[in-house]
Structures are given as structure tokens and as C-alpha cells.
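Taking it in order: structure first as C-alpha cells, then the write-up.
The values are calculated or read from the model by the stated rules, or taken from the named source; none is laboratory data. Not measured: the values here are computed from a predicted model. Here the Cβ positions follow ideal geometry from the backbone for every residue, glycine too, while neighbour counts run over all protein chains shown. Quick note on the areas: whole protein, heavy atoms, side chains included, nothing else; ligands and nucleic acids left out. Shrake-Rupley method; radii C 1.70, N 1.55, O 1.52, S 1.80 Å.
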Amino acid sequence: AFRKCIYLTSITLPNSVTKIGEHAFFGCHSLTTINISNSVTNIQDGAFYNCSSLRTVNLPNNMASIGECAFFLCSNLKNIKIPEGITSISQSTFNGCSNLRNIIIPNSVIRIGDSAFKHCYSLRTITIPDSVTSIGKSAFHGCYDLKSIIIPNSVIYFGADAFYGCY
């Protein structure tokens, strides 16, 4: 819908929007803020892929799913709160969000997908809730600033290189 609208800086979605389609805002390099209405329950694959200036995203509480690579390469995104009800953080959802410092993972999440937080260089601390049973391969690969991580006993699967490069 707005693919490569390079001059788009902010957007407010009306209540009539219920999902954000695949690659809807792909490559909107000037987009800094998006206000997502409470009616949106689904963000599909690559919706905000390479929105490199995106700093602020407020996800509605009734969100049901966030697709693969939804925020891939959103390098200026600093904070995000994943809504309760999301059960999986998909593959590469936040891959390349190099300034992401704070992430709140709700108790509803049971799976963190492959490369979900790969190259989130600024991520410092993370608490994985007791609901999580699986952490995919390279999930936190290259999170150089990661100082503290709490992993509950509920995690029964770690993919290869899940924490590779976390010095």
C-alpha cells in the first residue's frame, strides 16, 4: 500500500483497519511514528521492513500476531512492548533493530523464533517469561551489549547459536 513512500514521516491508522498487510510500509525510510488503532489484530510479514527511521510503535493490546520480518532493519526502534496474547515472536521479527534497548515479552509467548532479535546490538537486559519453551537458532545472535538474561526452567529447546556473539 505504501511501499517505498520515502517521504512519509508519520501515519495514524483509522479504526476501520484490522490488519497491516505484507510489506505494507516496506522501505518507508522517513517513517518515524505509526499509531496503530486498537482494531488492528494482525501485522503481516515484512510490514515495516527497512523502515530505518521508525522510532515509535504502539501496538494495541488485542494484537493476535506479528509476522516474520515485521520490523526487520528498523534500526532506530528503541523500545517496544509486545502485547499480551501474542504466542510467538516470529522469525527475524526484530532482526537488525540495532538500537532496540528495551523489550517486554509477555507471559503469553511460548516461542521465540529463529533470528528474532539477531543483531539487536543495544539490547542490554531481557527477561524471558516462564511460558517460553523454545528459543530458536540465532535468536539473540550478535546482541553485543546483552549484560543480563533470565532464562526460566520452562525452556526445553535452544537452537544453534542462540546467543552467539553475546560477549
Q.
Suppose every Lys and Arg Cβ carries +1 and every Asp and Glu Cβ carries -1, with no other charges. What dipole size does the range 1-143 come out with about its Cα centre, to the nearest 20 debye?
A. 340
Q | Theoretical FRET efficiency, 1/(1+(r/R0)^6), r = Cβ-Cβ of residue 32 and residue 64, R0 25 Å, to 0.05 | A | 0.45
**Q.** Added length on full extension, which subtracts the Cα-Cα distance from 0.36 nm per residue, residue 158 to residue 76
**A.** 26.7 nm
Q) Just the accessible area per residue of the range 82-125, please: how many Å² with a 1.4 Å probe? A) 36
Q: Could you work out how far the C-alpha centroid of the range 114-145 sits from that of the range 5-65, in angstrom?
A: 23
Q) How large, in percent, is the carbon and sulfur part of the accessible surface of the range 99-167 at a probe radius of 1.4 Å? A) 50
**Q.** lysines whose Cα lies under 21 Å from that of residue 147, excluding same-chain neighbours fewer than 8 positions away
**A.** 78, 81, 118, 137
Q: Using a/c under 1.5 as the rounded threshold, could you call the range 116-167 rounded, prolate or oblate? The axes a ≥ b ≥ c are square roots of the C-alpha gyration tensor eigenvalues, and prolate needs a/b larger than b/c, oblate otherwise.
A: oblate
Q. In nanometres, what is the gap between the two model label sites at residue 52 and residue 18, each 7 Å from Cα along Cα-to-Cβ?
A. 3.7
**Q.** J(HN,Hα) series, the range 150-167, from Karplus relation 6.51 cos²θ - 1.76 cosθ + 1.60, nearest Hz, glycine and proline x
**A.** 10, 10, x, 5, 5, 6, 10, 9, 10, x, 4, 6, 3, 10, 4, x, 8, 6
Q. HN-Hα J couplings of the range 52-60 from phi, Karplus 6.51/-1.76/1.60, θ = phi - 60°, integer Hz, Gly and Pro as x?
A. 5, 9, 4, 10, 10, 9, 10, 8, x
